[in-house]
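Written out below as structure tokens is the structure these notes cover.
The values are calculated or read from the model by the stated rules, or taken from the named source; none is laboratory data. These figures come from a predicted structure and were not determined experimentally. Quick reminder, even Gly has a Cβ in these numbers, built from the backbone with ideal geometry, and neighbours come from all protein chains shown. These accessible areas exclude ligands, DNA and RNA; they are computed on the full protein's heavy atoms, side chains included. Shrake-Rupley method; radii C 1.70, N 1.55, O 1.52, S 1.80 Å.
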Amino acid sequence: MAQHASRKALRHGSVSVALTILVAASVILLNGIVTRLAMRYGWFVNMNPTLLYPVTDTCYGYLDEYVMDKVSDDTPIRLIFCDEQSGIESDATQRFILNTARELEEHYPGKVTVEFLNIWERPSVARSYGVTASTSVVVACGEESRVCTLRDFFVFSIDDSSTPLAYNGEKRLTVAMKAVVTPDLPVAYFTLNHGEAMTDYSLMYAATDAGYMVNYLDSLSFDIPDDCGLLVSCNPSQDFTDIDSVSGYSEVDKIRSYLADGGRFMLFVSADTFAAGSFPNLEGLLTEWGVGIDHKKGSEGVEECFSIRDTAHSLTVDGYTLLGKLPETGRAAEITAPVTGSIRLGNATGISVAEGFARQADGTSFTGGSRTLYTLLRSHPGAQAWAGGRAVARTDEGFNLMTLTMDADTNGSLLVCSSVDYASEEAMQSGVYDNETLLLSALAAMGKDDTPLNLTSQPFSDDSIRILTTAEARTITICLTVIPAVLAAVLGLVILIRRKNA
């Protein structure tokens, strides 16, 4: 009996050894074959952080349509690097930009030129462009010029301002080239004197990318200028004025007239906007455009702002930093089609559709007279609205987080976003989220045809881990914890049974 068991063990051991040798030989053989094929046909993926990013056909298409027909060989667009050529070429970071510039020069011979300026040897020329650093790049055409700093060409992490996440050179040069051949750019005016507070300038950068000059406007003291192509109010904490016994001026009437003349107005609010009370003047104007902001007085007479919470689709444990849901049907889906990434927004309130606007068959648009409201962004189903420390509302289709209302008769348009955090640097300039693309898509729908929609930054690495929701992270954690343990237990049980029956 013992001899039989010995022979059986020897046989099993021989089979195991043979299988091990066979697998090892197969791996070595396969590795050799793939290596030979890779050497012959160039099957390589460059993992070096100094990747080259060639200019895309999308960029050339935009330049052909909006820039190059305004450029002549006599007055070319000059891409001026503010250092000696050898200095630029020896710097790995600036070499990204130089490669892009040279490709543009090669593609548009005579119309785009690359030049080098030693600003220490020619300080007067540098001053004429407003250059103060050798890492700057000047884009000039005739008397017009724009200065781009080195940071303008890259997207950085909020936590690490020295390590770039993505290269943004194609877009930055294109926007500057468009600006220098269009001297009479429309202006995006940001309102003042309502307690507006932006934590950074990301929203202004987005307006610049869209092809606007940026300025401020005290709409109480001054009329909305004729060159206003976009009016923006971000995070107001006070109401806009209307004519009453105290004030003889009406900001609301100015905005109403501006929209009636085909103007564009963007408003960013949050769950904290109405904490001190309602804004009857501004909210009255919004209602005319189909927009209501969710807040009400609680049982003790204190204003309670709705705050949208979704623990299943949140980037934070408390559930208040959301990933928004884009529309899938109707005109709203067409507007947001260029958006391919995730949309992040925090401390958001809800947007309701005002009375008099009827839901259309697509489920994402509502019509009232000549005006149509489109829901460009919603929370995921299952989200709740909290106010006064308790859940006060829930909807199966999600809460409206961004809406766009357009008037077919006047071409006026109003965009309302329920989160100021939406326009923060972490959401707009991180290279991870697609918040800026959604805004640019909305502007294109509002009539800004030359918005550079598809000129996106090109990431150096995969940052998808940053868009994991808490629910997804929890699921992955459970899988990595439970599945290996279950597999090990099952495998051990099988081996135990087989050994017992052997």
Completion exercise
Reported set for the stretch 348-366 where residues are closer than 29 Å to Pro452 by Cα and open to solvent by 30 Å² or more (accessible area, probe 1.4 Å) is Asp362
Exercise for the section: Determine if the stretch 100-117 includes at least one residue that is over 24 Å from Asp209 (Cα atoms) and β-branched (Val, Ile, Thr). Expected result: no
Practice task
Among the residues of the stretch 112-160, count how many are of a type in the set (Ser, Thr, Tyr) and in contact (Cβ under 8 Å) with a residue 40 or more places away in the chain.
Solution key: 5
Exercise for the section: Collect the residues in the stretch 202-231 that are more than 18 Å from Glu144 (Cβ to Cβ) and surrounded by fewer than 16 Cβ atoms within 10 Å (Cβ to Cβ), keeping them in residue-number order. Expected result: Tyr216, Asp218, Ser221, Phe222, Asp223, Pro225, Asp226
Completion exercise
Per the filter on the stretch 409-445, residues open to solvent by 10 Å² or more (accessible area, probe 1.4 Å), outside any helix (DSSP H, G or I) and of a type in the set (A, V, I, L, M) are Val420, Val432
Problem - Test: residue in the stretch 318-338 that is of a type in the set (Lys, Arg), open to solvent by 20 Å² or more (accessible area, probe 1.4 Å), within 17 Å of Asn435 (Cα to Cα) and touching a residue at least 60 places away in the same chain (Cβ under 8 Å) - result: yes
Problem - Of the criteria (1) open to solvent by 50 Å² or more (accessible area, probe 1.4 Å); (2) β-branched (Val, Ile, Thr); (3) at pLDDT 65 or above; (4) under 31 Å from the mean Cα position of the chain (by Cα), which one Thr50 fails - result: (3)
Problem - Verdict on Glu105 being under 29 Å from Asp69 (Cβ atoms), within 26 Å of the chain's Cα centre (by Cα) and crowded, with 18+ Cβ neighbours inside 10 Å - result: no
Fill in the blank from the handout: Every listed condition ((1) part of a loop (DSSP other than H, G, I, E, B); (2) at pLDDT 70 or above; (3) surrounded by 11 or more Cβ atoms within 10 Å (Cβ to Cβ)) holds for Gly61 save (1)
Practice task
With respect to Ala423, determine if the residue is farther than 25 Å from Leu203 by Cβ and aliphatic (A, V, I, L, M).
Solution key: no
Practice task
From (1) over 28 Å from Asp318 (Cβ atoms); (2) out of contact with any Asp or Glu (no Cβ under 6 Å at 6 or more places or on another chain), pick out the condition that doesn't hold for Arg371.
Solution key: (2)
Practice task
Search the stretch 367-391 for residues being among the aliphatic types (A, V, I, L, M) and within 21 Å of Glu283 (Cα to Cα), and hand back the single one that is surrounded by the fewest Cβ atoms within 10 Å (Cβ to Cβ).
Solution key: Ala387
Handout entry: the stretch 73-90, residues that are surrounded by 11 or more Cβ atoms within 10 Å (Cβ to Cβ) and either modelled with pLDDT under 90 or of a type in the set (Ser, Thr, Tyr) (or both)
Key = Thr75, Ser90
Problem - the stretch 191-200 - residue that is surrounded by 15 or more Cβ atoms within 10 Å (Cβ to Cβ) and within 24 Å of the chain's Cα centre (by Cα) and, of those, modelled with the lowest pLDDT - result: Met198
Problem - Cross-chain or 6+ apart pairs with Cβ under 8 Å, the stretch 87-111 first and hydroxyl-bearing (Ser, Thr, Tyr), then part of a helix (DSSP H, G or I) and open to solvent by less than 60 Å² (accessible area, probe 1.4 Å) - result: Thr93/Leu150; Thr100/Gly169; Thr100/Glu170; Thr100/Leu173; Tyr108/Leu63; Tyr108/Met68
Practice task
Please give the number of the condition Asp152 fails out of (1) acidic (Asp, Glu); (2) over 23 Å from Leu104 (Cα atoms); (3) open to solvent by 40 Å² or more (accessible area, probe 1.4 Å).
Solution key: (2)
